[in-house]
Amino acid sequence: MFFMGKLYVVPTPVGNLEDMTFRAIRVLKEADLILAEDTRTSGILLKHYEIKNAMQSHHKFNEHKTVEGVVNRIKAGETVALISDAGTPGISDPGFLVVRECVRNGIEVQCLPGATAFVPALVASGLPDERFCFEGFLPQKKGRVTRLTSLQEEKRTMIFYESPYRLVKTLTQFAEFFGADRPVSVCREISKMHEESVRGTLTEVIAHFTENEPRGEIVIVLGGKED
C-alpha cells in the first residue's frame, strides 16, 4: 500500500524560545526534511531543542525553484515541515507557494497553531479587535499611495508590519492619509525582553519615536475610520 507524505506548517517563536509548543518540537524531530527560510537562524532554534534533522533552504528568492522538488518528495512518502525565521510561515513570510502546490496535488497540509506577531499586538493594543484587516508590509514604492488611499474609508482596525528604519516615515504618511488624531498602537520586540507597546494618537506616537529611535520587529495597529 502506498502512503503519501504530509506537509506540516510549523510556527516558531517570534521572540522568546519558550513560546515553542511541545507538538511543534515533536513534529520537527519526526520530519524527514525541514524547510527553513534561513538555515542559520533556524539552526539556533533547532540546536536549542536538540533537533538534528535534515534542513533545506526555502526562501522568497528560491521557493519557485524548490517547490516542485518538495512536492515530489512528499508524494514519495516523506514528511516535510516548513518553518520561517519567526512566526507562522505564509504570513508575510515564504510558505504560500509550497502550501498551494501541495493542496493542488492532493497532499495533506496541517498548520500547527502557534506564534504570529500580529495577534498579541492587536489584543494588547486596546483597539477594537472583533473585526480587523491584516495588511502586512505596505508596498515600498509602486502602489503604496493607491493602497493607502483605498484604506481611507476602512472602518476595521488595521494591522501593518514595518521596519524600525521606516517607522516614523510610515506613521507620518498615516497621519496625512488618515488624520493626525487617529488612534494607533506600535508594538515592538513582541515576546522579547524589551517588548513595548506605545499607544496614542498618530501625532503622539510619531513624537515618541522621533525622540526615541525605534528598534526591533514592529507591528502597527491602527484604528479604523469612525462613523
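The values are calculated or read from the model by the stated rules, or taken from the named source; none is laboratory data. All figures in this text were calculated on a predicted structure; none of them were measured in a lab. Heads up, the Cβs are rebuilt from the backbone with ideal geometry, glycines too, and the neighbour counts pull from every protein chain shown. Heads up: the accessible areas ignore ligands, DNA and RNA and are worked out on the full protein's heavy atoms, side chains in. Shrake-Rupley method; radii C 1.70, N 1.55, O 1.52, S 1.80 Å.
What the table below lists for this structure:
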{"item": "Size of electric dipole in the chain: Cβ of Lys, Arg +1 and of Asp, Glu -1, about Cα centre, debye, nearest 20", "result": "680 debye"}
{"item": "Amide proton proximity set for I218, modelled H, under 5 Å, gap of 5+", "result": "E162"}
{"item": "Per-residue HN-Hα couplings for the range 74-90 [Karplus 6.51, -1.76, 1.60; θ = phi - 60°; Hz; x = Gly/Pro]", "result": "5, 4, 7, x, 7, 9, 10, 10, 10, 10, 10, 4, 6, x, 8, x, x"}
{"item": "Within the chain, helix-based [θ] at 222 nm, where runs of 4 or more DSSP H residues each add -39,500 (n - 2.57), nearest 500", "result": "-10000 deg cm²/dmol"}
{"item": "For the range 117-222: accessible area per residue (Å², 1.4 Å)", "result": "54 Å²"}
{"item": "Excluding exposed DSSP-loop trypsin sites (Lys or Arg not before Pro) (at most 10 other C-beta within 10 Å), longest clean stretch of the chain", "result": "143-227"}
{"item": "Size of charge dipole - the range 7-111 - debye, nearest 20, with Cβ of Lys, Arg +1 and Asp, Glu -1, no other charges", "result": "180 debye"}
{"item": "Under the Debye formula (equal points on every Cα, no solvent term), log10 I(q)/I(0) of the chain at q = 0.13 Å⁻¹", "result": "-0.82"}
{"item": "In sequence order, calculated HN-Hα J values of the range 115-129 (Karplus, 6.51, -1.76, 1.60; Hz; x Gly/Pro)", "result": "4, 8, 5, 6, 5, x, 5, 5, 5, 7, 6, x, 8, x, 10"}
{"item": "Flagged links, alpha-carbon separation over 24 Å, of K6/K52; K65/K192; K6/K65; K142/K192", "result": "K65/K192; K142/K192"}
{"item": "Global geometry of the range 107-219, whether rounded, prolate or oblate, following the gyration tensor of its Cα atoms and the 1.5 cut on a/c", "result": "oblate"}
{"item": "Once exposed loop chymotrypsin sites (Phe, Trp or Tyr not before Pro) are cut out (DSSP; at most 14 other Cβ, 10 Å), longest piece of the chain", "result": "62-164"}
{"item": "Under 5 Å, built H, 5+ apart or other chain: amide partners of L33", "result": "T79, A81"}
{"item": "Most positive-pole-ward Cα, V109, T21, H48, against dipole of the range 7-111 from beta carbon charges", "result": "V109"}
{"item": "Whole-number percent relative contact order across the range 117-222, with pairs defined as alpha carbons under 8 Å at least 6 apart", "result": "34 percent"}
{"item": "Top positive-direction residue, dipole computed over the range 117-222 with Cβ charges, set V186, F174, G126", "result": "F174"}
{"item": "Distance from the range 1-72 to the range 173-198 (C-alpha centre basis), Å", "result": "31 Å"}
{"item": "For the chain, with +1 on Lys and Arg beta carbons and -1 on Asp and Glu, the positive-most of I74, H59, V145 along the dipole", "result": "I74"}
{"item": "Interchain or long-range residues, amide H under 5 Å from E196's placed H", "result": "R188"}
{"item": "Considering only the chain, percent of DSSP beta bridges that pair antiparallel, nearest 5", "result": "45 percent"}
{"item": "Apportionment of accessible area to carbon and sulfur, the range 72-227, percent (1.4 Å)", "result": "51 percent"}
{"item": "q = 0.11, 0.18, 0.22 Å⁻¹, the range 7-111: log10 I(q)/I(0) [Debye, one scatterer per Cα]", "result": "-0.28, -0.78, -1.20"}
{"item": "For the range 211-227, 3J(HN,Hα) per residue [Karplus equation, 6.51 cos²θ - 1.76 cosθ + 1.60, θ = phi - 60°, Hz, x = Gly/Pro]", "result": "7, 10, 4, x, 9, x, 6, 10, 10, 9, 10, 10, x, x, 6, 7, 5"}
{"item": "GluC sites (Glu not before Pro) restricted to DSSP loop in the range 5-106 with at most 12 other C-beta within 10 Å", "result": "E50"}
